[in-house]
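The values are calculated or read from the model by the stated rules, or taken from the named source; none is laboratory data. Because the structure is a prediction, the values reported are computed rather than measured. Cβ atoms come from the backbone with ideal geometry, glycine included; neighbour counts cover every protein chain shown.
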Amino acid sequence: MNPRLSALRISFLYLIAATLWVWLSDQWLQNVLHDPASLARALELKKYGFLALTFLVLFFLLCRHFRRQDAAFAALADKEQRLSRVFEVVEDGIWDWDLETQRVYYSPGYANLIGLPLEHLSDDLLLWEQRLHPEDRARILALHQDCIQGLRTRLECVYRIRHGDGSYRWVRSRGRLTRGEDGRPLRLTGVNRDITHQRSNEDHLRQAAAVFEATQEGLLVTDARGVIVHTNPSFSRITGYSAEDVLGGEPSLLKSGRQDAAFYQHMWTALHENGVWSGEIWNRRKSGEVYPQWQHIRAVRNEEGELTHYVAVFSDLSSLKRSQHELDFLAHHDPLTGLPNRLLLRERIDQALARAEREQGGGALLSIDLDHFKHINDSLGHNIGDQLIRAVAERLESCLDERCSLARLGGDEFAVVLESQQPHHASSLAQRLLEAMSAPFEVNEQTIYMSVSLGVSLFPEDARNVDHLMQHADAALFQAKASGRNLYAFYTPELTARARSHVQVESALRHALDHDELRLYFQPVHDLATGRMVGVESLVRWQHPQKGLIAPGEFIPVAEESGLITAIDAWVLEQACRQMRQWLNAGIHLDFIAVNVSSRLFGRGGLEERVALALEQSGLEPHHLELEVTESAVMENFDQALELLCQLRLLGVHLAIDDFGTGYSSLMRLKRMPVHKLKIDQGFVAGLPDDSEDAAIACAVIALGQSMGLQVVAEGIERPDQAAFLLTHACDFGQGYWYGAPQPAEVLLAQLPRGTA
Ligand code: C2E
Ligand code: MG
Ligand code: MG
């Protein structure tokens, strides 16, 4: 209602009513009172009466008006106070944009939202506009304009606004346009809410959801009553149940029955007390298959601490268990034969020893080694070698009963643990195993004969722990091999003593190498026909600080077994080359210097390089160096030896076969060997000239050498009749105490026994 119009209307009504009253009451009084004096008095009275009446009416009306106005003002003030209190407590930012003045009201909450002190709030639109994130600004301004122009009925948007601390906060803005009666937009009013935290929570939730969907672990969520409310794809993959199968159901449908009630009780107690439980649990898949899983359950509580959910995360352990089982098998078994390996054998021996102690029982460990298996591998190839090992394993196993357990320790080594109190059981088993090998093996259409050697150690008599038992069985095996193979030998304490002295010699020899205790002696080699000294053989000695001079026979075998022979022979080679160079430089005309090469070194490789290096370093011409390899070393590994001999010969050095006659050379093989000399073993020379067998062999070797164009040297000539016999039979050279024992270089030179140089 228009207040002016209303006032005008009321005033107008008053004017008409008053005019009518004045006019009608005057007329009526003039008609009623004819006396002019009475009429004048009445008119006077009427005039003041009218004034009094209107005064009273005006007074009451104004009283009522002012009372109402006061009430309205009070209500308004009250309303305003309430509103500003609301604005103060509302954390959201309220704004009111007057579109005509372009001024904006920002509530205290708005100051809080953008991190400004209250007193810095202005009514400038720029306060808001300049804080918009550059990426959001254009979009947000356009949205507000759309709303002002009526293109949208409501404003609703999310954007970033700069906070006082420089960071950007996410806000959700909601607003509405107010129009005037004429439809003009008057103001845009709205509320901004900081949703940064909510948004990051949403982000986290989204990420968590993505993780749950993608994770390999199965996930199952129940409410507080234990009703399944959520599962992930991995749950379905592991259990076989789809989400629809289980939602609304209970996790107990996965129970396998493998765990008893006490297990679950313990689990629930842990969950109630600590809020978490983890452990291995066996469940049942939809297919009925029972499988192990590692499960982690957590109780979820809301902010008030009330239990709302249980979340179970689990992984399927079945493949892990399977591979653990496989790994365990691999770790304890030999892949070629499937037999227990050394590790498992040790465990079994340990158990057998413990049982023997508990039950006053006993038993034996049989160490088994195939004789000359290396030949098979080298000559027929590893494939056949492997097949043969498998066949041997089968055959060995067929000889065993339930008291025995067979293992393969690697290569061609096997072992059997026998649990029996009777020592003769061990020997009869060993005999059985030897006999089982006597029949040939058919491998890849080839017939192969194979024998084994066995070493037997008894427990508890020989040893009470695994290491000793194994060492003793090995010592016995070594003994069996040394005694000619295809045999078995029992352990004896002397074997240990021998092994111990072996160890002592080895460590003393290491010390000797480091402290220059080795000496090189030289034994002359003479031309039998002319008597001239044509060369020398280098022979190593060990000048022991306490024991004096030690012959090579005492330490070379130890050096060969321990590998020290490499260092010894390298030292000898180097010394010999250097010595020969010195002699030649001094005008002594020796044809050659001979150096012994160990059979071990011979088989190991690297020899060719070492020889070349020694020659180069000493400056000795290769034809002055003669390498002696024993016949047995060559025959043991013929193909490899042949190749190496050819390479050595290419270097230009001379080669001799030492101890000839002891190594069962075949003529076929001998013919192929690129050597220059044969050295008749001193064992055959010793019986000359009377022993007819020795004489026959010596003559045969000389004839063989001549027929193949090789020179022949006789070793160990101690007497002139031996030399004479050999000369008669056209042996080329002689070596032995008759011509001179091995001597240090300076002594040899001083003596120069049979005129050389
Ligand atoms: P070998 O190469 O056959 O050497 C000949 C052995 O016969 C030498 O023994 C020598 O002293 C000995 N001897 C020489 N003349 C006579 C004799 O008239 N009567 C008798 N009964 N013996 C005689 P030694 O020096 O004790 O060497 C023994 C073996 O040790 C050598 O046999 C050789 O196989 C090995 N040897 C020696 N020195 C070395 C070396 O530096 N390296 C390697 N790997 N082996 C070596
Ligand atoms: Mg020799
Ligand atoms: Mg010899």
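Observations on the model:
- Just so you know, in region 646-679 the residues that are modelled with pLDDT under 90, touching a helix residue (DSSP H, G or I) at 6+ places or on another chain (Cβ under 9 Å) and hydrophobic (A, V, I, L, M, F, W, C) include one that is surrounded by the most Cβ atoms within 10 Å (Cβ to Cβ), and it is Phe660.
- Check on Gln682, surrounded by fewer than 21 Cβ atoms within 10 Å (Cβ to Cβ) and either within 16 Å of ligand 2 (Cβ to nearest atom) or at pLDDT 95 or above (or both): yes
- For region 315-363, the set of residues classified as of a type in the set (A, V, I, L, M, F, W, C), farther than 18 Å from Glu402 by Cβ and touching a residue at least 12 places away in the same chain (Cβ under 8 Å) consists of Leu317, Ala331, Leu336, Leu343, Leu353, listed by residue number.
- Hey, Ser507 more than 41 Å from the chain's Cα centre (by Cα) and among the small types (Gly, Ala, Ser) or not: no
- One residue stands out among those in region 709-739 that are of a type outside the set (A, V, I, L, M, F, W, C) and closer than 19 Å to Asp591 by Cβ: the one that is farthest from ligand 3 (Cβ to nearest atom), which is Gly709.
- Inter-residue pairs, beta-carbon under 6 Å, first assigned by TED's automatic domain parsing to the domain that holds Ala698 and of a type in the set (D, E, K, R) and in region 656-684, second more than 12 Å from ligand 3 (Cβ to nearest atom) and modelled with pLDDT under 90, 6+ apart: Arg669/Phe638
- The number of residues in region 640-671 being assigned to a loop (DSSP other than H, G, I, E, B), more than 16 Å from ligand 3 (Cβ to nearest atom) and small (Gly, Ala, Ser) comes to 2.
- Residue check: Ile588 meets all listed conditions (1) within 16 Å of ligand 2 (Cβ to nearest atom); (2) more than 20 Å from Ala482 (Cβ to Cβ) but one, namely (1).
- Residues of region 1-13 include at least one that is outside any helix (DSSP H, G or I) and at pLDDT below 90.
- Top-ranked residue of region 620-639 - restricted to ones that are in a helix (DSSP H, G or I) and among the hydrophobic types (A, V, I, L, M, F, W, C), ranked as nearest to ligand 2 (Cβ to nearest atom): Ala633
- Checking each residue of region 688-695 against the condition of being crowded, with 16+ Cβ neighbours inside 10 Å and more than 16 Å from ligand 3 (Cβ to nearest atom) gives at least one match.
- Number of the condition not met by Arg719 [criteria: (1) surrounded by fewer than 17 Cβ atoms within 10 Å (Cβ to Cβ); (2) within 15 Å of ligand 2 (Cβ to nearest atom)]: (2)
- Neighbours by Cβ (under 7 Å, 6+ apart or cross-chain): first from region 528-550, assigned by TED's automatic domain parsing to the domain that holds His589 and part of a loop (DSSP other than H, G, I, E, B); second hydrophobic (A, V, I, L, M, F, W, C) and more than 16 Å from ligand 3 (Cβ to nearest atom): Leu528/Ala723; Leu528/Leu727; Ala529/Leu727
- Any hit, region 479-499, residues being touching a Ser or Thr at 6+ places or on another chain (Cβ under 7 Å), at pLDDT 90 or above and in a helix (DSSP H, G or I): no
- Any hit, region 288-302, residues being farther than 21 Å from Asn232 by Cα and either touching a helix residue (DSSP H, G or I) at 6+ places or on another chain (Cβ under 9 Å) or part of a loop (DSSP other than H, G, I, E, B) (or both): yes
- Val701 within 15 Å of ligand 1 (Cβ to nearest atom), in a helix (DSSP H, G or I), at pLDDT 90 or above and not charged (D, E, K, R): yes
- Candidates are the residues of region 547-584 that are among the aromatic types (Phe, Trp, Tyr) and modelled with pLDDT of 90 or more; the one that is surrounded by the fewest Cβ atoms within 10 Å (Cβ to Cβ) is Trp571.
- Close contacts from region 5-22, counting a first residue that is aliphatic (A, V, I, L, M) and a second that is loosely packed, with under 10 Cβ neighbours inside 10 Å, with Cβ to Cβ under 6 Å and a gap of 6+ residues or different chains, come to none at all.
- Residues of region 594-607 include none that is part of a helix (DSSP H, G or I), closer than 26 Å to Gln575 by Cα and either away from ligand 1 (no atom under 15 Å from the Cβ) or not assigned by TED's automatic domain parsing to the domain that holds Cys577 (or both).
- Residues in region 149-203 that are more than 24 Å from Leu126 (Cβ to Cβ) and in a strand (DSSP E or B): Arg154, Arg179.
- Selection status of Thr222, surrounded by fewer than 17 Cβ atoms within 10 Å (Cβ to Cβ) and not aliphatic (A, V, I, L, M): no
- Members of region 631-643 that are within 17 Å of Val611 (Cβ to Cβ) and surrounded by 20 or more Cβ atoms within 10 Å (Cβ to Cβ): Ala633, Val634
- Region 602-634: number of residues that are among the hydrophobic types (A, V, I, L, M, F, W, C) and either within 16 Å of ligand 3 (Cβ to nearest atom) or free of Cβ contacts under 8 Å to residues at least 12 places away in the same chain (or both): 6
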